[in-house]
């Protein structure tokens, strides 16, 4: 883990509406995983606890009454490059719910993480990430903590809207042409690119990362809402809590989803795994002197 000093900074950005308004934020010091949690890390957890991820279970029809039965079976969302596209607002052209997709089989049945032990684990939900963190005696970072770390704990850092040259993002026209100029067309192993000034790898690009903060439409509405440690939300029928995810992924491109920035954010349904979504954990400084 890497020690992240505390500090004050201006949180948010101005590219998309949900990133504003920019506001002051304070963060106490904490420790953070140097890399995203890997397939190897997660496999150790699963073996130790006999854990079964959400993607390996069927959805409860009582909490998902509007989802058709064919999508309540075990599975997760998988990105597939389409042969042709129409309206760019229709994400179903490249995102598909694939029965049998999970962290062991991230692209669905027939795919495998064999020889990919050092790749970030994906197809994990908020509950899966929280369960792993608890097993390690840690937590998921809040949105404020995650963004502060991604900025290098530098209050003077200004938002950079250029596509990063030292990160795993999409080069070309999303979602049909990716030249792979950064070395990878899909996921990359953790640590392939230079770390930020704190020694943290892949804070931008590669995979989105879960935070502990409930997603809000912008920073003015209930900003920084965090549930008590390890307390799951209790949505009503048809309601699924969403949490803030940060950092962008290998799918972020200049022509679509310019979220390869520290201030970028999106909401993700708590119980939906995806092939571009992972996480890392933190240990708050008040909990222990040395990680």
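Quick one: in the range 187-199, which of the residues that are at pLDDT 95 or above and surrounded by 15 or more Cβ atoms within 10 Å (Cβ to Cβ) is nearest to the chain's Cα centre (by Cα)? So, considering only residues that are at pLDDT 95 or above and surrounded by 15 or more Cβ atoms within 10 Å (Cβ to Cβ), the one nearest to the chain's Cα centre (by Cα) is 187.
Give me a count of the residues in the range 65-78 that are surrounded by 11 or more Cβ atoms within 10 Å (Cβ to Cβ) and touching a residue at least 24 places away in the same chain (Cβ under 8 Å).
Residues of the range 65-78 surrounded by 11 or more Cβ atoms within 10 Å (Cβ to Cβ): 67, 71-78.
Keeping just the survivors that are touching a residue at least 24 places away in the same chain (Cβ under 8 Å) gives 71, 73-78.
Within the range 65-78, residues that are surrounded by 11 or more Cβ atoms within 10 Å (Cβ to Cβ) and touching a residue at least 24 places away in the same chain (Cβ under 8 Å) number 7.
Check the range 102-109 and report whether any residue there is over 19 Å from the mean Cα position of the chain (by Cα) and either within 28 Å of residue 189 (Cβ to Cβ) or modelled with pLDDT under 95 (or both). Walk me through how you get there before you give the answer.
Step one: list which residues in the range 102-109 are over 19 Å from the mean Cα position of the chain (by Cα), which gives 108-109.
Pick out the ones that are also either within 28 Å of residue 189 (Cβ to Cβ) or modelled with pLDDT under 95 (or both) and you get 108-109.
Yes, the range 102-109 contains a residue that is over 19 Å from the mean Cα position of the chain (by Cα) and either within 28 Å of residue 189 (Cβ to Cβ) or modelled with pLDDT under 95 (or both).
Among the conditions (1) more than 25 Å from residue 11 (Cβ to Cβ); (2) out of contact with any strand residue (DSSP E or B) (no Cβ under 6 Å at 6 or more places or on another chain); (3) surrounded by fewer than 21 Cβ atoms within 10 Å (Cβ to Cβ), the only one that residue 182 does not satisfy is (3).
Out of the residues in the range 253-288 that are out of contact with any strand residue (DSSP E or B) (no Cβ under 9 Å at 6 or more places or on another chain) and either closer than 21 Å to residue 90 by Cβ or without any contact (Cβ under 8 Å) to a residue 24 or more places away in the chain (or both), which is surrounded by the most Cβ atoms within 10 Å (Cβ to Cβ)? Spell out how you get there, then give the answer.
Narrowing the range 253-288 to residues out of contact with any strand residue (DSSP E or B) (no Cβ under 9 Å at 6 or more places or on another chain): 253-256, 258, 261, 271.
Checking which are either closer than 21 Å to residue 90 by Cβ or without any contact (Cβ under 8 Å) to a residue 24 or more places away in the chain (or both) leaves us with 253-256, 258.
Details: 253: 21, 254: 16, 255: 11, 256: 13, 258: 18.
Residue satisfying both the conditions and the ranking: 253.
Just give me the residues in the range 87-96 being touching a residue at least 12 places away in the same chain (Cβ under 8 Å) and either surrounded by fewer than 14 Cβ atoms within 10 Å (Cβ to Cβ) or closer than 18 Å to residue 207 by Cα (or both), in sequence order.
Taking the range 87-96 and keeping what is touching a residue at least 12 places away in the same chain (Cβ under 8 Å), we get 88, 93-96.
Result: 88, 94, 95, 96.
Quick grid of which residues meet (1) surrounded by fewer than 12 Cβ atoms within 10 Å (Cβ to Cβ); (2) without any contact (Cβ under 8 Å) to a residue 40 or more places away in the chain; (3) over 30 Å from residue 1 (Cβ atoms):
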residue	(1), (2), (3)
22	no, no, no
38	no, no, no
53	no, no, no
63	no, no, yes
85	no, no, yes
110	yes, yes, yes
115	yes, yes, no
123	no, no, no
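Tell me whether the range 123-133 contains one or more residues that are over 30 Å from residue 82 (Cβ atoms) and either in contact with a strand residue (DSSP E or B) (Cβ under 7 Å, 6 or more places away or on another chain) or assigned to a strand (DSSP E or B) (or both). Within the range 123-133 (the criterion being over 30 Å from residue 82 (Cβ atoms) and either in contact with a strand residue (DSSP E or B) (Cβ under 7 Å, 6 or more places away or on another chain) or assigned to a strand (DSSP E or B) (or both)), the answer is yes, since at least one residue qualifies. Looking at 249, 242, just one residue is at pLDDT below 95, in contact with a strand residue (DSSP E or B) (Cβ under 8 Å, 6 or more places away or on another chain) and crowded, with 17+ Cβ neighbours inside 10 Å, and that residue is 242. Taking (1) at negative phi; (2) touching a helix residue (DSSP H, G or I) at 6+ places or on another chain (Cβ under 9 Å); (3) modelled with pLDDT of 95 or more in turn, residue 94 satisfies each apart from (2). Condition first: over 30 Å from residue 254 (Cα atoms), outside any loop (DSSP other than H, G, I, E, B) and touching a strand residue (DSSP E or B) at 6+ places or on another chain (Cβ under 7 Å). Can you find one or more residues in the range 83-100 that meet it? Yes; the residues of the range 83-100 include at least one that is over 30 Å from residue 254 (Cα atoms), outside any loop (DSSP other than H, G, I, E, B) and touching a strand residue (DSSP E or B) at 6+ places or on another chain (Cβ under 7 Å). Is there a residue being in contact (Cβ under 8 Å) with a residue 24 or more places away in the chain and within 15 Å of the chain's Cα centre (by Cα) anywhere in the range 131-138? Among the residues of the range 131-138, at least one is in contact (Cβ under 8 Å) with a residue 24 or more places away in the chain and within 15 Å of the chain's Cα centre (by Cα), which makes the answer yes.
Kindly indicate which of 106, 141 is part of a loop (DSSP other than H, G, I, E, B), closer than 30 Å to residue 23 by Cβ and in contact (Cβ under 8 Å) with a residue 12 or more places away in the chain.
Values: 106 fails: closer than 30 Å to residue 23 by Cβ.
Checking each option against the conditions leaves just 141.
Look through 153, 149 and report the one residue that is closer than 17 Å to residue 33 by Cβ, surrounded by 15 or more Cβ atoms within 10 Å (Cβ to Cβ) and over 18 Å from the mean Cα position of the chain (by Cα).
Values: 149 fails: over 18 Å from the mean Cα position of the chain (by Cα).
Answer to the selection: 153.
The values are calculated or read from the model by the stated rules, or taken from the named source; none is laboratory data. All figures in this text were calculated on a predicted structure; none of them were measured in a lab. Neighbour counts are summed over all protein chains in view; Cβ atoms, including those assigned to glycine, are modelled from backbone coordinates with ideal geometry.
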